[in-house]
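**Q** Following this message is one structure expressed as structure tokens.
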Amino acid sequence: MFLRISSACVALLLLAGCGQQESPPPPGEMVECAIGAGASLSPVCTLERVGSDIILHHPDGGFRRLTRDPVSGTLSARDGADTLVTEPGGEGAETFAIGADRYLVPRALLDPPPA
């Protein structure tokens with residue numbers, strides 16, 4: 001009986017130690033976002049470029065993948081069920097929402113990199 005209890009305790013301790021390491025933040029520029037309904041904009045998301053894609057990393061590990069149409073310049077969500085909805089924004093920045101998440105990103109970061 002003692003062996004079963006001690007084995008169970010050891011297994012629980014091993015499981016408790018898993019996942020405790022924090023991964024480093026993704027490379028990129030910090031941008032303002034409000035994740036979830038009622039959240040306020042704050043500079044806690046990271047914008048990363050991967051080829052022609054734009055990835056907005058959330059502080060909780062979630063992310064949104066975006067693309068800009070090279071002909072029309074329209075920004076759109078690449079995956080997920082929610083569509084990107086543009087909102088009136090500040091000068092030099094684009095404001096948009098995807099689902100309950102909102103973003104305020106400088107246009108210079110969203111423009112395609114020079115060829």
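**Q** May I ask you to list pairs of residues, at least six apart or on different chains, whose Cβ atoms are under 6 Å apart, with the first in the stretch 49-65 being under 15 Å from Ala100 (Cβ atoms) and the second being basic (Lys, Arg)?
**A** Taking only residues 6 or more apart or on different chains, the pairs are Leu56/Arg64.
**Q** Considering each of Ala97, Ala11, Ala93 in turn, give the residue that is surrounded by 10 or more Cβ atoms within 10 Å (Cβ to Cβ) and modelled with pLDDT of 95 or more.
**A** Only one candidate passes the filter, namely Ala97.
**Q** Taking the stated definitions as given, is Ala115 outside any strand (DSSP E or B), among the hydrophobic types (A, V, I, L, M, F, W, C) and either surrounded by 12 or more Cβ atoms within 10 Å (Cβ to Cβ) or at pLDDT below 90 (or both)?
**A** So Ala115 passes the test.
The values are calculated or read from the model by the stated rules, or taken from the named source; none is laboratory data. Here the structure is a predicted model, which is why all the values come from computation and not from measurement. No Cβ is skipped: glycine too gets one built from the backbone with ideal geometry, and neighbour counts run over all protein chains shown.
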